[in-house]
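Read the structure below first, then the notes.
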Amino acid sequence: MKNSIILFLFIFLPHLFFAQTIISGTVTDERNVPIPGANAYIEGSYDGSSTTESGMFSFETNETGTQTLTVSYVSFEAYKITTSVSEMKNLQITLREDVNSLETVTIAAGSFSAGDNSKISVLKPLDIVTTANALGDFVGALQTLPGTTTVAEDGRLFVRGGDANETQIFIDGIRVFTPYSPTTENIPTRGRYSPFLFDGITFSTGGYSAEYGQALSSVLLLNTIDEPDQQKTDVSIMSVGVGLGHTQKWSPSEPKAAWNKGSSLSLNVSYINLAPYIAILPDRNNWKRPFEIASGEAVFRQKIGDGLLKIYGAFDSTNFALTQEDINVPEGVALKLNNQNFYTNASYSQKLNHGWSIFGGGSYTYGNTKVGIAEANIKDLEKSAHLKLKLKKRFSNRFKLDFGAEQFITDFNEFYDEQNFTAKIGFNNNISALFSEGDIIFTRKVALKLGLRAEYSQLFDEVTVSPRISFAYKTGKSSQVSLAYGDFFQQPENGVLKFTNNLVAERSQHYIMNYQYAANNRIFRAEIYRKSYSNLVTFTEETPSVNSVFTNGGDGYAQGLDVFWRDNESIKNVDYWVSYSFLDTERKYKNYPIAAMPGFANTHNLSVVGKYWINDWKSQIGFSYQFGSGRFYTDLNRPGFLQEKTGTYNNVSLNWAYLLSQQKILYFSINNAFAFKNVNGYQYANTPDASGNFARRELLPAADQFFFVGFFWTISADGKDNQLDNL
Amino acid sequence: MQNVFTYLTIFFTAVIMQAQTDAAVSSTAAPTKYQQGMQKAFQLWQEDKSWEAANVFERIATAETDNWLPPYYAAQINIINGFSEKDGAKLKAQLDKAQNFINYATAISKDNPDLLVLQAQLYTVWIVFDGQQYGMTYSAKASELYNKALALAPNNPRMILAKAEWDMGGAKYFGQSVEPYCKDLQRAIELFATFKPEGEFYPRYGEERAKQIQAENCN
């Protein structure tokens with residue numbers, strides 16, 4: 001009897017035996033809004049269902065005992081609960097937003113990102129090279145961003161009232177000690193490194209991470225490409241020289257040792273000689289030997305297991321000789337320069353278990369500059385190294401911690417040789433640093449970054465501690481506000497350290513408030529800041545010398561407003577951006593008798609860059625306009641110091657890239673198309689003439705205009721790639 | 001540059017139509033849990049409930065940890081739907097999800113030409129979304145993937161078609177002749193006639209599309 005009942009139940013109510021359990025619940029977000037379409041299922045089984053419009057789900061399962069229920073939905077963190085299936089009834093499940101999302105607030109105070117890898121790119125990789133006035137110089141493109149001052153004769157980055165040496169450049173996190181090629185006083189310098197080896201650029205005009213030190217004003221972070229897209233050869237024939245680049249990839253599928261997950265090598269060589277150009281279009285300089293630069297770069301990348309080894313090397317040699325005009329020397333001053341610079345950088349990064357990752361790297365710079373001024377020969381030899389080790393622990397999407405140590409080593413020597421006088425001066429400057437930084441994302445709306453950096457200078461026997469803090473709050477769907485504060489220290493420059501070590505580090509403090517709006521290919525940013533300087537180096541002579549008295553008694557401030565607007569949406573095929581900077585700054589340093597606005601700073605800077613793609617012509621036309629208000633200089637014929645202003649600076653540049661075919665591009669550009677006459681400053685005579693008047697001479701650029709024609713040809717297996725992104 | 005790639009959207013609508021025909025696959029023996037699950041997913045996809053289909057593929061993927069097909073289709077749905085997504089933040093979340101499925105599938109099946117082509121299609125979504133920003137970097141990456149996929153499976157008509165179509169798009173944009181690629185298309189069509197998928201539920205789309213492109217571009 002008993003048996004037949006069981007049989008009856010078995011046949012007609014099988015679920016009693018196969019234990020069909022019903023699993024149900026409701027899925028909402030953190031604001032209690034139901035989430036439809038979420039996927040709820042028992043992990044490892046086929047049982048599950050999608051949630052309904054009201055966020056409800058219900059399904060049957062044959063699984064028994066303890067199981068894991070997963071609820072997943074795009075842009076939310078997956079929810080998991082492990083318990084007995086019988087407990088999985090009428091569950092109230094709240095999904096947390098995935099903070100690894102575009103909608104999450106980003107700490108934007110002070111920094112501009114360029115590249116695909118950042119959430120909000122102010123500049124795209126192409127921009128670095130297609131901006132009309134930049135002529136392929138990555139530094140030139142950054143000068144169209146707010147916070148920079150146009151110092152046309154110099155070419156380096158002057159950020160928010162800071163001197164050019166207050167900006168440090170890092171490649172793959174490792175410092176570059178001599179980033180610029182040397183030039184004459186009236187030709188702007190260029191960055192040494194070719195932009196197309198980099199795929200990510202972050203330019204910070206203040207308040208940057210504790211990982212970076214030895215920069216009072218700004219850091220520029222360049223990342224080399226991790227893995228090149230394809231094998232190719234690039235040929236460039238230009239009105240100023242020739243270039244050749246090649247990328248070779250070794251595929252991991254080729255039979256090799258098991259640890260070899262693929263490697264690649266990119267080589268790039270170029271030779272620039274301005275002699276033919278100057279023969280056709282002479283400039284204001286009296287050249288003995290026009291500019292000649294030979295350079296080579298190589299990046300080797302090797303994947304080792306989960307790690308990546310990158311080795312970067314760059315060599316360049318610059319030569320020129322000319323007679324430089326000088327108000328005090330009627331026949332001019334003979335100047336010849338020979339510079340050899342070698343830079344190498346190696347880094348290794350690897351993801352470890354449990355959210356840890358490690359980064360280690362080092363760089364070595366060898367810079368040898370020989371300058372002949374009049375009868376004197378000066379030889380500078382700089383050997384510098386930087387070593388860094390960094391560990392990162394990712395506790396969750398919402399909390400990350402970085403810490404590391406680094407060491408800077410500089411050995412500088414100068415040999416001075418005149419007819420009856422020789423001298424050797426030099427110094428060793430070793431700095432050790434520890435840093436740590438935590439990134440906390442509370443919600444998609446609120447994020448905080450806290451950092452601390454400590455440095456020890458062996459030269460000064462001094463320890464400095466710099467806190468850094470930044471905070472971001474999302475005010476709307478597309479807008480956010482960020483705040484940042486930081487303390488920054490930097491050793492005085494080599495020109496001072498070679499005469500004295502009886503000093504301490506110069507110091508600056510940044511306070512930044514940033515507003516950012518980004519939506520539909522439009523970005524608006526406005527940033528106000530205050531930067532105060534202390535412990536600036538002062539000295540008694542015109543330029544530092546053995547006889548100078550040095551102190552840390554200088555100070556100063558810079559404050560202002562930076563505005564940026566970029567719009568790639570409103571006008572079809574047109575992409576443009578506008579930057580405006582207002583700067584109020586004064587400082588007392590070097591041999592300044594009073595606090596004054598330095599000659600490299602000005603009050604208003606405006607830059608407008610536009611690009612127009614004409615489909616029928618297969619052409620991109622580029623336009624840029626740079627405006628800078630006058631800069632101060634000292635008029636010796638009137639009382640006062642830095643009391644007069646030069647005229648305004650204006651420059652309209654145009655370029656045209658024409659795609660002859662998929663892989664051949666013809667490129668033209670004109671710098672200063674309307675030939676505005678820009679006076680950068682004045683040089684006064686050392687002694688007054690008979691009537692007591694100091695004569696002066698205008699400091700003009702070597703040439704008002706510059707023309708460039710180039711032909712760029714790419715050879716690759718797919719027949720598609722071209723060098724448009726290298727122009 | 002955006003214009004170069006808009007034509008690709010058309011291609012992917014075709015992909016959906018083709019992929020759906022897979023639902024018709026059936027087997028004579030009693031269907032296994034896996035077969036039932038896959039058939040259910042393809043059926044939902046055919047009924048235009050692609051997100052529900054993606055959810056089913058995701059569930060199967062957690063149960064069948066050594067089969068690359070469920071994550072492949074889960075990724076493909078996210079990618080195809082990506083072509084019509086206009087909100088950058090949503091698109092990123094969706095493609096991140098697709099990328100996770102591709103990574104998961106690639107860990108199961110290395111050097112799989114279908115997964116390489118799917119990865120190239122993911123990049124193409126970004127190119128179509130914002131050609132100016134992503135065109136240069138991602139088109140080079142996509143080209144490399146098409147080359148690699150074809151090198152791995154030189155006689156697979158779908159790889160021949162994918163690469164030929166990609167190349168034709170570029171040639172058209174630059175006003176060059178698409179003629180050189182017609183013979184590749186012809187070869188793909190001939191191979192499709194005898195093409196046997198490696199197994200049940202394996203990707204099999206492409207024949208219709210190849211014929212359509214041939215009719216439009218080649219004489």
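Report yes if residue A:451 is closer than 18 Å to residue A:488 by Cα, in a strand (DSSP E or B) and assigned by TED's automatic domain parsing to the domain that holds residue A:550, otherwise no.
It is true that residue A:451 is closer than 18 Å to residue A:488 by Cα, in a strand (DSSP E or B) and assigned by TED's automatic domain parsing to the domain that holds residue A:550.
How many residues, within the stretch A:63-87, are within 10 Å of chain B (Cβ to nearest Cβ) and in a strand (DSSP E or B)? Give the derivation first.
So in the stretch A:63-87, the residues within 10 Å of chain B (Cβ to nearest Cβ) come out as A:68, A:70, A:72-76.
If we keep only those that are in a strand (DSSP E or B) too, we end up with A:68, A:70, A:72, A:76.
Qualifying residue count for the region: 4.
State all residues of the stretch A:571-594 that are touching a residue at least 40 places away in the same chain (Cβ under 8 Å) and in a loop (DSSP other than H, G, I, E, B); if no residue qualifies, say none.
Matches in the stretch A:571-594: A:573, A:589, A:591, A:592, A:593, A:594.
Would you mention how many residues in the stretch B:119-143 are touching a Pro at 6+ places or on another chain (Cβ under 9 Å) and within 26 Å of residue B:214 (Cα to Cα)?
Number satisfying all stated conditions: 1.
When the residues of the stretch A:497-522 are filtered to those that are of a type in the set (A, V, I, L, M) and buried (at least 19 other Cβ atoms within 10 Å of the Cβ), which remaining residue is farthest from the chain's Cα centre (by Cα)?
Filtering the stretch A:497-522 down to residues of a type in the set (A, V, I, L, M) leaves A:497, A:503-505, A:512-513, A:518-519.
With the extra rule that they be buried (at least 19 other Cβ atoms within 10 Å of the Cβ), the set shrinks to A:497, A:503, A:505, A:512, A:518.
Values: A:497: 27, A:503: 30, A:505: 24, A:512: 18, A:518: 20 Å.
Checking each candidate, the answer is A:503.
For the stretch A:163-185, what are the residues that are polar (S, T, N, Q) and more than 25 Å from residue A:585 (Cα to Cα)?
Result: A:178, A:181, A:183, A:184.
Which strands (runs of 3 or more DSSP E) does the stretch A:673-717 wholly contain that include 2 or more residues that are touching a residue at least 60 places away in the same chain (Cβ under 8 Å), of a type in the set (A, V, I, L, M, F, W, C) and crowded, with 16+ Cβ neighbours inside 10 Å?
Strands (runs of 3 or more DSSP E) meeting the threshold: A:706-716.
Please work out if residue B:97 is within 14 Å of another protein chain (Cβ to nearest Cβ) and at pLDDT below 90.
Judged against the criteria, residue B:97 is not a match.
Counting only residues that are under 42 Å from the mean Cα position of the chain (by Cα), in a strand (DSSP E or B) and within 13 Å of another protein chain (Cβ to nearest Cβ), how many does the stretch A:23-36 have?
The total comes to 0.
Checking the structure you have, find out if any residue of the stretch B:102-113 is within 9 Å of chain A (Cβ to nearest Cβ) and either under 24 Å from residue A:611 (Cα atoms) or not β-branched (Val, Ile, Thr) (or both).
yes
Scan the stretch A:37-62 residue by residue and report those that are buried (at least 20 other Cβ atoms within 10 Å of the Cβ) and more than 7 Å from chain B (Cβ to nearest Cβ).
Of everything in the stretch A:37-62, those that are buried (at least 20 other Cβ atoms within 10 Å of the Cβ) and more than 7 Å from chain B (Cβ to nearest Cβ) turn out to be A:38, A:40, A:42, A:47, A:49, A:51, A:55, A:57, A:61.
Tally the residues that are within 23 Å of the chain's Cα centre (by Cα) and either part of a loop (DSSP other than H, G, I, E, B) or free of Cβ contacts under 8 Å to residues at least 60 places away in the same chain (or both), restricting the search to the stretch A:411-439.
The qualifying residues number 3.
I'd like to check something: does the stretch A:618-628 contain any residue that is free of Cβ contacts under 8 Å to residues at least 60 places away in the same chain, assigned by TED's automatic domain parsing to the domain that holds residue A:688, at negative phi and in a loop (DSSP other than H, G, I, E, B)?
Taking every residue of the stretch A:618-628 in turn, none turns out to be free of Cβ contacts under 8 Å to residues at least 60 places away in the same chain, assigned by TED's automatic domain parsing to the domain that holds residue A:688, at negative phi and in a loop (DSSP other than H, G, I, E, B).
Which of the residues spanning the stretch A:497-528 are among the charged types (D, E, K, R) and either more than 22 Å from residue A:166 (Cα to Cα) or touching a Lys or Arg at 6+ places or on another chain (Cβ under 6 Å) (or both)?
Once the filter is applied, which keeps residues that are among the charged types (D, E, K, R) and either more than 22 Å from residue A:166 (Cα to Cα) or touching a Lys or Arg at 6+ places or on another chain (Cβ under 6 Å) (or both), the stretch A:497-528 yields A:522, A:525.
From the list A:95, A:123, pick out the single residue that is more than 28 Å from residue A:31 (Cα to Cα), aliphatic (A, V, I, L, M) and at pLDDT 70 or above.
A:123
Give the stretch B:87-108 a look and list any residue that's closer than 24 Å to residue B:151 by Cα and within 16 Å of the chain's Cα centre (by Cα), or say none.
B:99, B:101, B:102, B:103, B:105, B:106
Tell me the helices (runs of 4 or more DSSP H) entirely within the stretch B:121-219 that contain at least 1 residues that are more than 13 Å from chain A (Cβ to nearest Cβ) and closer than 30 Å to residue B:39 by Cβ.
Passing ranges, in order: B:157-173, B:179-193, B:207-217.
Answer yes if at least one residue in the stretch A:531-545 is under 30 Å from residue A:458 (Cβ atoms), in contact (Cβ under 8 Å) with a residue 24 or more places away in the chain and of a type in the set (Lys, Arg), and no otherwise.
Checking the stretch A:531-545: at least one residue is under 30 Å from residue A:458 (Cβ atoms), in contact (Cβ under 8 Å) with a residue 24 or more places away in the chain and of a type in the set (Lys, Arg).
Sort out which residues of the stretch A:627-661 are among the polar types (S, T, N, Q) and out of contact with any Asp or Glu (no Cβ under 8 Å at 6 or more places or on another chain), and write them in order of number.
Filtering the stretch A:627-661 down to residues among the polar types (S, T, N, Q) leaves A:629, A:634, A:637, A:643, A:646, A:648, A:650-651, A:653, A:655, A:661.
Matches in the stretch A:627-661: A:629, A:637, A:646, A:648, A:650, A:651, A:653, A:655, A:661.
Might you let me know whether the stretch A:649-661 holds any residue that is aliphatic (A, V, I, L, M), part of a strand (DSSP E or B) and more than 14 Å from every other protein chain (Cβ to nearest Cβ)?
Initially, the stretch A:649-661 is screened for residues aliphatic (A, V, I, L, M), giving A:652, A:654, A:657, A:659-660.
Next cut, part of a strand (DSSP E or B) only: A:652, A:654, A:657, A:659-660.
Still in the list and also more than 14 Å from every other protein chain (Cβ to nearest Cβ): A:652, A:654.
Within the stretch A:649-661, one or more residues are aliphatic (A, V, I, L, M), part of a strand (DSSP E or B) and more than 14 Å from every other protein chain (Cβ to nearest Cβ).
Of the numbered conditions (1) touching a helix residue (DSSP H, G or I) at 6+ places or on another chain (Cβ under 8 Å); (2) surrounded by fewer than 18 Cβ atoms within 10 Å (Cβ to Cβ), residue A:622 fails exactly one; give the number of that condition.
(2)
For (1) in a helix (DSSP H, G or I); (2) closer than 17 Å to residue B:105 by Cβ; (3) free of Cβ contacts under 8 Å to residues at least 60 places away in the same chain, each residue gets a yes or a no:
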{"site": "B:38", "(1), (2), (3)": "yes, yes, no"}
{"site": "B:45", "(1), (2), (3)": "yes, no, yes"}
{"site": "B:53", "(1), (2), (3)": "yes, yes, yes"}
{"site": "B:58", "(1), (2), (3)": "yes, yes, yes"}
{"site": "B:62", "(1), (2), (3)": "yes, yes, yes"}
{"site": "B:71", "(1), (2), (3)": "yes, yes, yes"}
{"site": "B:74", "(1), (2), (3)": "yes, yes, yes"}
{"site": "B:86", "(1), (2), (3)": "no, no, yes"}
{"site": "B:90", "(1), (2), (3)": "yes, no, yes"}
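Six or more apart or on different chains, Cβ atoms under 6 Å: show the pairs whose first residue is in the stretch A:53-71 and over 10 Å from residue A:41 (Cβ atoms) and whose second is assigned to a strand (DSSP E or B) and of a type in the set (S, T, N, Q).
Taking only residues 6 or more apart or on different chains, the pairs are A:55/A:26; A:55/A:28; A:56/A:26; A:58/A:24; A:66/A:84.
Look through the stretch B:110-138, keep the residues that are of a type in the set (S, T, N, Q) and over 16 Å from the mean Cα position of the chain (by Cα), and return whichever of them is surrounded by the fewest Cβ atoms within 10 Å (Cβ to Cβ).
Checking each candidate, the answer is B:132.
Take the residues of the stretch A:300-314 that are charged (D, E, K, R) and buried (at least 19 other Cβ atoms within 10 Å of the Cβ): which is farthest from residue A:341 (Cα to Cα)?
A:301
The values are calculated or read from the model by the stated rules, or taken from the named source; none is laboratory data. The structure displayed is predicted, hence computed values, not measured ones. Using ideal geometry, Cβ is built from the backbone for each residue, glycine included, and neighbour counts are taken over all protein chains shown.
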